[in-house]
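The values are calculated or read from the model by the stated rules, or taken from the named source; none is laboratory data. Bear in mind the structure is a predicted one, so any value in this text is a computation, not a measurement. Please note: Cβ atoms are built from the backbone with ideal geometry, for glycine as well, and neighbour counts cover all protein chains shown. Surface accessibility is based on the protein's heavy atoms, side chains included, excluding ligands, DNA and RNA. Shrake-Rupley method; radii C 1.70, N 1.55, O 1.52, S 1.80 Å.
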Amino acid sequence: KGERGEGEGGRRKPHVLAFPFPFQGHINPLLQFSKRLVSKGLQVTFVIPFTDSNLDLDIDQAQRRLPPTLRVHTITINPDDELKSADDFFNHFEKVVSLKLKEFIHAQEALGNPVSCVVYDSIMPWALEVARDQGVVAASFFTQSNAVNAIYYRVHEGLLRVPVKQEELAVLGLRLGLPPLEISDLPSLVYDFHSYPSSLRHVISRFSNFKKADWVFDNTFDTLEEQVVSRMASQWPIKNIGPTIPSTYLDNNILKADQDYGLSLLKPQADTCSKWLDSKETGSVVYVSFGSLATMKEDQMEELAWGITMSNNHFLWVVRQEELNKLPINFIQDTADKGLVVTWCPQLQVLAHRAVGCFVTHCGWNSTLEALSLGVPMVAVPQWTDQTTNAKFVMDVWEVGIRVKVDTKGFFTRQEIDECIREVMDGERGLGIKKNSAKWKKLAMQAVDEGGSSDNNIQQFVEQLVLRH
Ligand code: UDX
């Protein structure tokens, strides 16, 4: 009982098939959303399409840490079949994975545990057709901010044409409830569309059919994006259900919290980080991480390294294995009295630790939302995609951080990094930023608390599924 998704009296619970895109920044929010669904009485099968880049994932170990009604299943794509160009890869991925998804839905039916609803990452819009063909309802799950989605949506509709003109942007900004934007505040896939034409096509393709989905969710919360929420309400069906962060973290109940979201593609050096942080004073540590994908130019890595050390704080820096050789020679040994460099950490645990005083971040949407929801001030160093827009909001809308200035080629200096960290940690502006950070933390908590805006949206979804069941 329980394991097979049976509730009171042996009645089967509605069965959600959650279908993430296999990147860390996409798995985390959907897995956490799945945990919420399970806590509200549903059963979930979390089906990850495996590629060679995440073959290390230890499913059995992950499964032991998840509730029994949240089961993880993988769909494997033969690495030999992967193709080189982005377009080739996405086409191949869709072809192989959509077939396997269909087979999986059939198999569940045959096992007597039919799928009631597919919740798919919006980046795979074709999953909607697969679900519909099997007679199953579906929800599209977005993993970036409402503001970024609104910009991409306009590009998809042809209402924002690339290359973007400043005058058009000003008008558009007002219509979407955005703050005044420079072209370089747009997602880089939009302002630098020449460099990533297929990626832009791909990210906007999610709008091709999203209005046909039975539900559309986004990992953000209403008060955070009030202006965009009110301007877009009549134009799209998106409901906000975030932040998808375990409430134990939001409650500061770290002792009870999981080590991380629960499915880490890279191995976190959890004990090393927590022991090191425990030995540091409250608010004294600068945490630095650029997420799971961003790669940095070697000279920028060097500026960042010396900027962090110049600020003269203790620092915990995540440098992924493949980026380690870009650090200055002997950097780790030479700075060992001040800093700890790890290849991956349990980020939620780190951000929730009392010792962390500021987060130097690339402003991936998850990192941004996690820091904001846990009340950690930021130094924003956006690299690409939505990060540029997120950084704009961090500094000018939510006022929870400072964005580093870059030259015309997009490069920052060590002096700039040093100054921004000092300002956030100890400066006059830092005082206001800390106050705002505390305010947003409270609002994030309210949104996901029982009866909050995000909780209500999740609750309604669950009730609708139960009614159909
Ligand atoms: C990217 C995009 O930048 C993001 O905006 C998009 O929506 C998803 O793809 P990524 O660059 O990896 O993701 O950054 P981010 O969105 O911040 O996600 C990284 C996740 O990994 C976060 O949930 C973070 O908590 C986790 N993480 C990061 C760790 O658990 N340990 C680490 O050491 C670093």
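Rg ratio for the chain: its Cα radius of gyration over 2.2 N^0.38 Å, N being its residue count, equals 0.96. For the stretch 404-469, applying the loop criterion from DSSP together with a ceiling of 12 other beta carbons within 10 Å to the GluC sites (Glu not before Pro) yields 450. Sorting 286, 397, 466 on solvent-accessible area from highest to lowest, probe radius 1.4 Å, gives 466, 397, 286. Within the assembled protein chains, the solvent-accessible surface assigned to residue 73 is about 70 Å², based on a 1.4 Å probe. Annotation: for a label point projected 7 angstrom from Cα along Cα→Cβ of residue 459, residues of the stretch 16-38 with backbone N closer than 17 Å are 36-38.
Relative to the Cα centre, what is the charge dipole magnitude of the chain, using +1 at the beta carbon of each Lys and Arg, -1 at the beta carbon of each Asp and Glu, and rounding to the nearest 20 debye? Display every interim value, and only then the final one.
Numbers: 48 positive and 58 negative charges, 250 e Å.
Dipole about the Cα centre, nearest 20: 1200 debye.
Amide hydrogen proximity for residue 403: with H placed 1.01 Å from N in the peptide plane, the residues at 5 or more positions away or on another chain lying under 5 Å are 380.
Within the chain, DSSP assigns beta bridges of which about 0% are antiparallel (rounded to the nearest 5).
Would you list 39, 122 from the most to the least accessible area, probe 1.4 Å? Could you put the intermediate results ahead of the total?
On the way: 39 90, 122 0 Å².
Final ranking, largest accessible area leading: 39, 122.
Are there GluC sites (Glu not before Pro) in the stretch 148-250 that DSSP puts in a loop and that have at most 12 other Cβ atoms within 10 Å, and which ones? Within the stretch 148-250, the qualifying GluC sites (Glu not before Pro) (loop, at most 12 other Cβ atoms within 10 Å) are 157, 182. Between the amide H of residue 218 and those of 142, 239, 240, 241, distances stay under 5 Å, these residues lying 5 or more places away or on another chain, with hydrogens modeled in the peptide plane. Backbone geometry of the stretch 88-105 corresponds, through the Karplus equation with coefficients 6.51, -1.76 and 1.60 at θ = phi - 60°, to 3J(HN,Hα) couplings of 4, 4, 5, 5, 5, 4, 4, 4, 5, 6, 5, 5, 5, 5, 4, 4, 5, 4 Hz, x marking Gly and Pro. In order along the stretch 341-353, the phi-based Karplus estimate (6.51 cos²θ - 1.76 cosθ + 1.60, θ = phi - 60°) of 3J(HN,Hα) comes to 10, 10, 8, 6, 9, x, 4, 4, 4, 5, 5, 7, 6 Hz; Gly and Pro are listed as x. Divide the volume of the convex hull around the Cα atoms of the stretch 175-281 by the residue count and you get 218 Å³ per residue. In terms of modelled amide H atoms, which long-range or inter-chain residues lie less than 5 Å from the amide H of residue 75? Answer set, sorted by chain and number: 48, 50.
Along the stretch 37-42 the Karplus relation, 6.51 cos²θ - 1.76 cosθ + 1.60 evaluated at θ = phi - 60°, assigns HN-Hα couplings of 4, 5, 5, 9, x, 9 Hz to successive residues, with x for each Gly and Pro. Could you compute how much accessible surface residue 60 exposes when probed at 1.4 Å, giving the result in Å² to the nearest 10? Its heavy atoms expose roughly 110 Å² to the probe.
Accessible area of residue 418 (1.4 Å probe, protein heavy atoms only, ligands and nucleic acids ignored): about 20 Å².
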